[in-house]
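Notes for the one structure printed next.
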Amino acid sequence: AWITIPGTNVDYPILQREGDNGYYLNHSVDGAGSIAGAIFTEDYNSKDFTDPNTIIYGHNMKNGSMFGTLRKFYEDEVYEKAPYFWIYTPDKIYRYDIFSCAEVPVDSLAYQITFSEEGSFEKYIDDAYSRSVVKGNDIKVTAEDKIVTLSTCTGNESTRFIVQGKLSKTYWSKKK
């Protein structure tokens with residue numbers, strides 16, 4: 001897949017390596033060793049973004065590469081210019097409306113990908129709204145929705161910065 005966030009430097013392929021979820025922390029898209037790594041999902045998430053919550057990881061590089069510009073969502077004008085992001089797959093194009101951006105603990109509820117207990121997804125969304133630094137709370141997220149959580153480091157080993165979007169539109173990227 002490929003991710004693009006208007007108003008930021010995020011415009012990268014999304015990778016996944018079966019059986020080695022840490023590989024892209026220090027390898028580039030071509031497999032070469034790289035301190036910047038690559039943008040990736042763990043193999044716990046499906047490649048077609050059909051999980052209730054797909055988590056996409058990328059380093060917070062000082063030069064703004066990878067997810068180095070995600071923290072700009074602390075600034076209201078960035079969110080106002082780009083309150084959504086795009087994910088492109090070979091068959092579909094997905095638009096996600098951003099409903100929450102926050103700094104969270106590494107063991108935060110934000111990293112949950114499945115919700116089996118009754119009401120657990122609603123609790124998850126309430127938590128996301130309550131900690132958000134953006135005004136996306138008017139975007140209603142329900143248990144039927146699919147969300148994507150973008151995650152990057154903060155410089156503090158105990159926290160991460162996340163941007164969360166709700167799938168709002170799907171387009172076919174090829175004629176059937």
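The values are calculated or read from the model by the stated rules, or taken from the named source; none is laboratory data. Values in this document were obtained by computation on a predicted structure and should not be read as measured data. Glycine gets a Cβ as well: all are built from the backbone with ideal geometry, and neighbour counts include every protein chain shown. Accessible surface areas use protein heavy atoms only, side chains included; no ligands, DNA or RNA. Shrake-Rupley method; radii C 1.70, N 1.55, O 1.52, S 1.80 Å.
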(request) Could you give me the residue pairs with C-beta distances under 7 Å whose first residue belongs to region 110-130 and is over 14 Å from VAL148 (Cβ atoms) and without any contact (Cβ under 8 Å) to a residue 60 or more places away in the chain, whose second residue is open to solvent by less than 50 Å² (accessible area, probe 1.4 Å) and not hydrophobic (A, V, I, L, M, F, W, C) wherever it lies, and which are 6+ apart or on separate chains? (result) TYR129/SER100
(message) Consider region 122-153. How many of its residues are within 21 Å of GLU77 (Cβ to Cβ) and assigned to a loop (DSSP other than H, G, I, E, B)?
(response) 5
(request) Mind listing just one residue for me: the one in region 23-55 that is of a type in the set (Val, Ile, Thr) and under 22 Å from THR142 (Cα atoms) and, of those, nearest to the chain's Cα centre (by Cα)? (result) ILE55
(request) Answer yes or no as to whether THR159 is open to solvent by less than 50 Å² (accessible area, probe 1.4 Å), at pLDDT 95 or above and touching a His at 6+ places or on another chain (Cβ under 9 Å). (result) no
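This table checks each residue for (1) basic (Lys, Arg); (2) over 19 Å from ILE3 (Cβ atoms); (3) modelled with pLDDT of 90 or more.
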{"position": "PRO83", "(1), (2), (3)": "no, no, yes"}
{"position": "TRP86", "(1), (2), (3)": "no, no, yes"}
{"position": "ILE98", "(1), (2), (3)": "no, no, yes"}
{"position": "GLN112", "(1), (2), (3)": "no, yes, yes"}
{"position": "GLU118", "(1), (2), (3)": "no, yes, no"}
{"position": "ASP127", "(1), (2), (3)": "no, yes, yes"}
{"position": "SER132", "(1), (2), (3)": "no, yes, yes"}
{"position": "LYS135", "(1), (2), (3)": "yes, yes, no"}
(request) Kindly indicate which of ILE93, ILE125 is closer than 29 Å to SER173 by Cα and hydrophobic (A, V, I, L, M, F, W, C). (result) ILE93
(message) Considering only residues that are open to solvent by less than 30 Å² (accessible area, probe 1.4 Å) and either under 21 Å from TYR44 (Cα atoms) or of a type outside the set (Gly, Ala, Ser) (or both), which ones fall in region 98-121?
(response) ILE98, PHE99, CYS101, VAL104, SER108, ALA110, SER120, PHE121
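Would a scan of region 32-41 turn up a residue that is surrounded by 14 or more Cβ atoms within 10 Å (Cβ to Cβ) and at pLDDT below 95?
Checked against the condition, which is being surrounded by 14 or more Cβ atoms within 10 Å (Cβ to Cβ) and at pLDDT below 95, region 32-41 yields no hits at all.
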(message) Can you pull out every residue in region 1-31 that is over 26 Å from ASP97 (Cβ atoms) and open to solvent by 50 Å² or more (accessible area, probe 1.4 Å)?
(response) ARG17, GLU18, GLY19, ASP20, LEU25, ASN26, VAL29, ASP30
(request) Please determine, by comparing only the residues of region 55-97 that are polar (S, T, N, Q) and under 24 Å from SER34 (Cα atoms), which one is least open to solvent (accessible area, probe 1.4 Å). (result) THR69
